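In what follows, a single structure is set out as structure tokens and then discussed.
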Amino acid sequence: MAKSEPTLNVNSISRISAGTVIKGEIQSPYDIRIDGTFEGRVQTKGRVVIGESANVKGDVICENADLWGKMEGNLYVKDTLSLMEGCTMEGNLHIKRLSVELGSTFNGNCKMITEQEFNQVAGIDVPKADVKAQK
């Protein structure tokens, strides 16, 4: 019996389509793709993709992020942020790893953070024993 590959449930990806405008706060355990306009705060345990037609203003807190469109605000990424060719980022990056393609635009500050620093920003409780061990 062959080991089966995990299947991705397309309903587990939240999507804001091009032409859609949303203001507010989004919290999700799943991946989020934004192709429209969003103003507010996004927090997910998954990946955030800001598509080519997207315009995002606010804070994004996520595991990984791919930026193709425009963003103004703060990005907090637990693992890897990819700034893709043609994107525009105005704001502050708080990330573990950064990938930058030629032709991307970034104006702001960049700070490399640890997983503990990310957890504090994301509001994830860190057991006190772990805090003492990391000092």
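The values are calculated or read from the model by the stated rules, or taken from the named source; none is laboratory data. Keep in mind it's a predicted model, so treat the numbers as computed, not measured. Please note: Cβ atoms are built from the backbone with ideal geometry, for glycine as well, and neighbour counts cover all protein chains shown. Accessible surface areas use protein heavy atoms only, side chains included; no ligands, DNA or RNA. Shrake-Rupley method; radii C 1.70, N 1.55, O 1.52, S 1.80 Å.
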Which peptide among 111-121, 27-37 comes first, and what is the full order, when sorted by highest mean count of other Cβ atoms within 10 Å? 27-37, 111-121
Could you sort Val100, Val42 by their accessible area in this structure, using a 1.4 Å probe and putting the largest first? Val100, Val42
What residues qualify as long-range amide H neighbours of Ala54, i.e. H under 5 Å apart, gap of 5 or more or another chain, H built at 1.01 Å from N? Gly69, Lys70
Under a 5 Å amide H to amide H cut-off, with H placed in plane at 1.01 Å, what residues pair with Ile22 once short-range neighbours are removed? Thr37, Phe38, Glu39
